[in-house]
Protein chains: 2
Amino acid sequence: MKLTKITPRDEDFAKWYTDVCMAANLVSYSNIKGSMIICPNGYAIWEEIQKIMDAEFKKLGHQNVQMPLFIPESLLNVEKDHVKGFAPEVAWVTHGGEEELEEKMCVRPTSEVLFCDYYKNVIKSYRDLPKLYNQWCTIVRWEKTTRPFLRSREILWQEGHTMHETEEEALNETLQMLHVYEDFQRNVLALPVIVGLKTEKEKFAGAVKTYTIEAMMYDGVALQNGTSHYFGQDFAKAFNITFLDRNNNLQTPYQTSWGTTTRMIGAIIMTHGDDHGLVLPPKIAPTKVIIIPIGDDEKVTKTINEITKDLDVTYEIDDSNKSPGFKFAEAEVKGIPIRIEVGLRDLENDEVTLVRRDTLEKIKVKTSEVKNKITELLDTIQKDMYNRALNRRNSMLYEAHDYEEFKTIAKEKPGFIKINWCGSEECENKIKDDTGLKSRCILEEETPDGNCVVCNKKAAHKIYFGKQY
Amino acid sequence: MKLTKITPRDEDFAKWYTDVCMAANLVSYSNIKGSMIICPNGYAIWEEIQKIMDAEFKKLGHQNVQMPLFIPESLLNVEKDHVKGFAPEVAWVTHGGEEELEEKMCVRPTSEVLFCDYYKNVIKSYRDLPKLYNQWCTIVRWEKTTRPFLRSREILWQEGHTMHETEEEALNETLQMLHVYEDFQRNVLALPVIVGLKTEKEKFAGAVKTYTIEAMMYDGVALQNGTSHYFGQDFAKAFNITFLDRNNNLQTPYQTSWGTTTRMIGAIIMTHGDDHGLVLPPKIAPTKVIIIPIGDDEKVTKTINEITKDLDVTYEIDDSNKSPGFKFAEAEVKGIPIRIEVGLRDLENDEVTLVRRDTLEKIKVKTSEVKNKITELLDTIQKDMYNRALNRRNSMLYEAHDYEEFKTIAKEKPGFIKINWCGSEECENKIKDDTGLKSRCILEEETPDGNCVVCNKKAAHKIYFGKQY
């Protein structure tokens, strides 16, 4: 038996990424073009993500529902900007069994119109507001090229869709959910993310404002890792959704939506992984500890029983008949945060060896102290992983003060470049054409301190540009 | 504000059913033909079902995965019996964006061929077996008529798909999962189910054997509430899946699949519901207890705080400004197992009133004893609900000794009729044509004690017949 070879990360990052995905049994290619199979180790991470995020959504009053999978063409057409954005990339169902449908239907690429179609029936009074619904489901977008977790025709995700009495409440919800995403990605996934506003060009089809979570991968390339949209009343007006307010006047409600996908698993891999495989932040690792016996001895078995009796984190024992070296490599490729090696030599001193997956550091610990050390070490690994990712990310943040400097950095250095920007799509497009970089996000809390680096007119915003997945 | 009126159950059972579904906010009709919306109260029950069943699957070594949503036509065609069974009822995707697909694809109606297509790539050796995979997902079958939870174009379900070294192991898995379903439905959903083997005519398209869980609704009509299939090597041979066995010989593995759907929610409603609405078995109720304050008094609030401080089951407090009577009715329609009424009159004796949802019995309890009483009462309600359903079900089980008796019972009495049967599809079809009853299941552990009631030839089986949803 042999482990799949992983291409070194610094030799070919793209190849390294797919090698890790396959070697860690996260995904598998399928024979169906554009679709991937999420394998047990990948799906287990998604289950952990769902568990933690879902609890957070519910704590804030959201309820889960399940909307239809299909959208009839006429329904997709109701909101004009929305249909323009999505119609070119949907899968169309035209036949049911042998019969041609009277009206073709697409598989949902996102569910704004489905929620609106429902809300228009159930929202009558301010007493029916807010509606705070979410769903975990599959969506389909007909992508030409696909990469595991990053881009595929089928996407597993969650989409929240809320309706509110007032603009202020809806804007608060948009920002609240943005920060739920931000906190989750920082604190659980150990991803140092930048949050901000998408430009008019890059915002969601039909939204008034789109906020985004921008993560930077090991290679300096951006991954948009979640978005939260404010819709104002545009969809609600298009769908004729109204309610009687507290003064008995007919009003139109204000809407939001927000979503994150299995793409977050791609971000974990590309931020933390190394040449040995996946490295999972302890808080999201389905299995926190793997215990590997070295040699088949009664004392080893007895020690493992003692250790696991007390252990209050998820663990596995690999007592298969593979060699210890093979088991170590397998535990490493899967990214399990801590490995415990239990062998006779260590036991002479009443010790076992703990190995950190993130640094591969070996630590001898008295058997009686394993439980406490594990608790402490999981916490340390989580913090260290975040800080290492933060330092690397920060080392690839640049600021350009004129367009020549911008182009030089863009050409020579991977990462994000901050600039003063006038706000025009023309300058945004020029950057894209000249350098291939796209706008990441407007930094709403920062004030421009110079003119637009492209056109030299008065700047409206500080903004990041970068290459993206 | 008014609660939706519910048609009395004995007046019009079908209307009562949809009234309860709507009044309890379990589902909502959508404007998309054939699709329904699962609303928060309905989805919360599904989440409880998933949590309990998923833990059971994992305890038995199964892992969750996610296979593609689409099946290309050529892949659906690989197993001949299977395609014959499913092709007439699938949704066909023919276009991606503006482009016509080279090969049309259906939205999965079930995933046997997708799992086989994957297994053929990953099963090489006996060391790769067994494969014990499951997925929670949506499937699509193009039904003409739809009823909430019972029949719709989109179905939320779980489907297990396993591969084994030996026939014996695969047969054991088929039966093991059948019994997991049976235990869950009996002990958690309080459904008195009958398990048995489907006839050749009624078995799953492509299976060697299909075992079924047959529940009987309040009106005596059957609901097939889960199936477990043994495939032998038929799919594996069609897909050319082979492995090297322990003696280094090439072998074909043995396969199973097993599934249950949100239809189980329909069974809960139609087995336990009454004229006041839904009645949830405590073990599956997302909220076990609802506390309703009567009057706005400090002493009431204080008592509620004391009670909830100790309570170790899920509860809600309805402190909205609706009238107590309205709140009672709302708690009843939602089927919450126990309601606690906290009012000043009871508090004079240091008491509160507990109301059982299943019997509407009122029980006065000292405030200090609420916690213990709740624990005891939830257990009692669970048992009583099962026994009531069992008694009703048993009162509608018949045995017919000749064909005239069979036809008389079939005409006059709702329920299941047991007969001796020769095993021929001819007799099975005759019963269907004459009475509308379909075979439910063969009782493998019972021995026939007479000739076939239809043709009077030697009987091969004891079997149940009944009308079905």
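No value in this document is a laboratory result; all are computed from the given coordinates. These numbers come from a predicted model, not from an experiment. All Cβ positions, even for glycine, are placed from backbone atoms using ideal geometry, and neighbour counts span all protein chains on display.
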Next item on the list: Kindly give the distances from A:Gln233 to its copy-mates, label point to label point, with each label point 7 Å from Cα along Cα→Cβ, as nm values to one decimal ordered shortest first.
Entry: 7.0
Next item on the list: Classify segment A:397-469 as rounded, prolate or oblate, taking a ≥ b ≥ c as the square roots of the eigenvalues of its Cα gyration tensor: rounded when a/c is under 1.5, otherwise prolate if a/b is larger than b/c and oblate if not.
Entry: rounded
Item checked: Proximal aspartates and glutamates to B:Lys201, defined as alpha-carbon separation beneath 15 angstrom and excluding residues fewer than eight positions away on the same chain -> B:Asp81, B:Glu425, B:Glu426, B:Glu428, B:Asp433
Notebook entry, point to check: Using the Cα gyration tensor of segment A:1-155, with a ≥ b ≥ c the square roots of its eigenvalues, what is the shape: rounded (a/c below 1.5), prolate (a/b larger than b/c) or oblate (neither)?
Noted result: oblate
Item checked: Reachable aspartates and glutamates from A:Lys58, criterion Cα separation under 15 angstrom, eight or more residues apart if same chain -> A:Glu159, A:Glu173, B:Glu47, B:Glu48, B:Glu316
Checklist line | Other copies of B:Lys302: label-to-label distances in nm, shortest first, labels 7 Å along the beta-carbon direction | finding: 6.0
Next item on the list: Sum -39500 (n - 2.57) across every DSSP H segment of at least 4 residues in chain A, then divide by the residue count to get the 222 nm mean residue ellipticity, nearest 500.
Entry: -10500 deg cm²/dmol
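Mind scanning A:Lys84/A:Lys203; B:Lys144/B:Lys430; A:Lys51/A:Lys373; B:Lys124/B:Lys209 and naming the pairs with a C-alpha gap bigger than 20 Å?
Table pairs above 20 Å Cα-Cα are B:Lys144/B:Lys430; A:Lys51/A:Lys373; B:Lys124/B:Lys209.
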Margin query: Explain nothing, just the number: dipole magnitude of segment A:22-272 about its Cα centre with +1 on each Lys and Arg Cβ and -1 on each Asp and Glu Cβ, in debye rounded to the nearest 20.
Written below: 340 debye
Notebook entry, point to check: Measuring from centroid to centroid over Cα atoms, what is the spacing of segment A:417-454 and segment B:55-116 in Å?
Noted result: 45 Å
Note to self: Test of understanding: ordering A:Arg357, B:Arg151 by Cβ neighbours within 10 Å, fewest first, what list do you get?
What the structure shows: B:Arg151, A:Arg357
Item checked: Stokes-Einstein diffusion coefficient of segment A:267-312, Kirkwood radius over Cα pairs, 25 °C, 0.890 mPa s, in µm²/s -> 189 µm²/s
Margin query: Give the residue list of trypsin sites (Lys or Arg not before Pro) in segment B:178-278 that are DSSP loop and have at most 12 other beta-carbon atoms within 10 angstrom.
Written below: B:Lys201, B:Arg246
Check: What is the mean projected area of the alpha carbon convex hull for chain B, to one decimal in square nanometres?
Finding: 26.8 nm²
Check: For the protein assembly as shown, what is one quarter of the convex hull surface built on the Cα atoms, given in nm²?
Finding: 44.1 nm²
Check: Copy-to-copy spacing for A:Thr314, label 7 Å out on the Cα-to-C-beta vector, in nm, shortest first?
Finding: 2.1
Next item on the list: Measure up B:Lys288/B:Lys366; A:Lys5/B:Lys131; B:Lys309/B:Lys334 against 22 Å on the Cα-Cα distance and list the ones that go over.
Entry: A:Lys5/B:Lys131; B:Lys309/B:Lys334
Check: Which order do B:Asp379, B:Asp117, A:Asp318 fall in if you start with the one that has the fewest other Cβ atoms within 10 Å?
Finding: B:Asp379, A:Asp318, B:Asp117
Next item on the list: Describe numerically, in nm with one decimal, the distance between label points set 7 Å from Cα along Cα→Cβ at A:Lys5 and at A:Lys120.
Entry: 6.0 nm
Notebook entry, point to check: Which angle between 0 and 90 degrees, to the nearest 10, do you get for helix A:13-23 versus the longest principal axis of chain A when only C-alpha atoms count?
Noted result: 60 degrees
Note to self: Within a 10 angstrom radius of the beta carbon, how do B:Cys422, B:Cys116 rank from fewest other beta carbons to most?
What the structure shows: B:Cys422, B:Cys116
Checklist line | Other protein chain Cβ atoms within 10 Å, averaged over every residue that makes up A:32-44 | finding: 6
